[in-house]
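Written out below as structure tokens is the structure these notes cover.
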Amino acid sequence: MKRTIIISLFIFSIEWVHAQFAENHAIYFSKELNFGNYIGLNADLNYVYKERFSLKIGYNGNIRKPKSQPEDYSSGLVKGILLGLENPYDQMENYQIAFGKIGRLNKSGTVRINFLVGVGYTVIREPENWQKIESKSLIAENYTWNYKRDNTASLIINPKIEFPLTWIFGLTVSPMLEINKYSVYYGVGIGTMVGLLRKPVK
């Protein structure tokens, strides 16, 4: 009997703490597929205070066909079997932190804009030094190349449209602009949100 009472009190206290936390705080994970001048993905940890202010810590990774790639470049049959995963790409990775303001787009709070602005540490890798291989083989690629790497800071502008459909699950449409001295990324991410998204409806 005593054990049952202790367990019941423990469960009640957890639910009470959860309810109190959810009144003013939301914390959730979001992931998105990106489409723009690069393609790739976002993965973010998000925090919202009183459904007004937000913080995002995230990762953004993207690739595209190299701008420097020769027109007659061929990956060969060997890399072709790997669906191009070993091909050279222009790569842009960004580790970012951003602060934002939340605005409701409907009364129920199931559609909102999370306007985020922040900074990021960006790593850019691009193939260079293309050297043609004089071979008629169709198996191997017909160029050698190597990557150059640049590190820089980026300005992040990310006005997310969020759809917290329930307390714990939602959808997101995430336009993003990343500006740095070497390159610019622009695109839209489409994905999901999972976690504590908004205060429970009483």
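The values are calculated or read from the model by the stated rules, or taken from the named source; none is laboratory data. Since the model is a prediction, treat every value here as computed from it, not as a measurement. Don't worry about glycine lacking a Cβ; one is built from the backbone with ideal geometry, like all the others, and counts go over all protein chains shown.
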Problem set entry | Test for residue 148: is it free of Cβ contacts under 8 Å to residues at least 60 places away in the same chain, within 25 Å of residue 36 (Cβ to Cβ) and out of contact with any Asp or Glu (no Cβ under 8 Å at 6 or more places or on another chain) | no
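I need the full set of residues from segment 134-173 which are among the polar types (S, T, N, Q) and either assigned to a loop (DSSP other than H, G, I, E, B) or modelled with pLDDT of 95 or more (or both), in order please.
135, 137, 142, 151, 152, 154, 158, 166, 172
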For this session: Search segment 76-93 for residues being over 25 Å from residue 176 (Cβ atoms) and not in a loop (DSSP other than H, G, I, E, B), and hand back the single one that is modelled with the highest pLDDT.
Result: 76
For this session: Could you grab me the full set of residues in segment 22-75 that are surrounded by 14 or more Cβ atoms within 10 Å (Cβ to Cβ) and part of a helix (DSSP H, G or I)?
Result: 22
Exercise. Pick from 122, 166, 172, 144: which is of a type outside the set (Lys, Arg), exposed (fewer than 15 other Cβ atoms within 10 Å of the Cβ) and in contact with a strand residue (DSSP E or B) (Cβ under 6 Å, 6 or more places away or on another chain)?
Worked result: 144
For this session: Six or more apart or on different chains, Cβ under 8 Å: which pairs go from a residue in segment 63-75 that's within 11 Å of residue 88 (Cα to Cα) and in contact (Cβ under 8 Å) with a residue 40 or more places away in the chain to one that's surrounded by fewer than 17 Cβ atoms within 10 Å (Cβ to Cβ) and not hydrophobic (A, V, I, L, M, F, W, C)? Could you list them?
Result: 68/128; 75/84; 75/86
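On the given criteria, is residue 182 within 30 Å of residue 25 (Cβ to Cβ) and touching a residue at least 12 places away in the same chain (Cβ under 8 Å)? Spell out the reasoning first.
On the way: within 30 Å of residue 25 (Cβ to Cβ): no; touching a residue at least 12 places away in the same chain (Cβ under 8 Å): yes.
Criteria not met by residue 182.
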Problem set entry | Qualifying residues in segment 116-135 (those that are of a type in the set (A, V, I, L, M, F, W, C) and in contact with an Asp or Glu (Cβ under 6 Å, 6 or more places away or on another chain)) - the one farthest from residue 151 (Cα to Cα) | 124
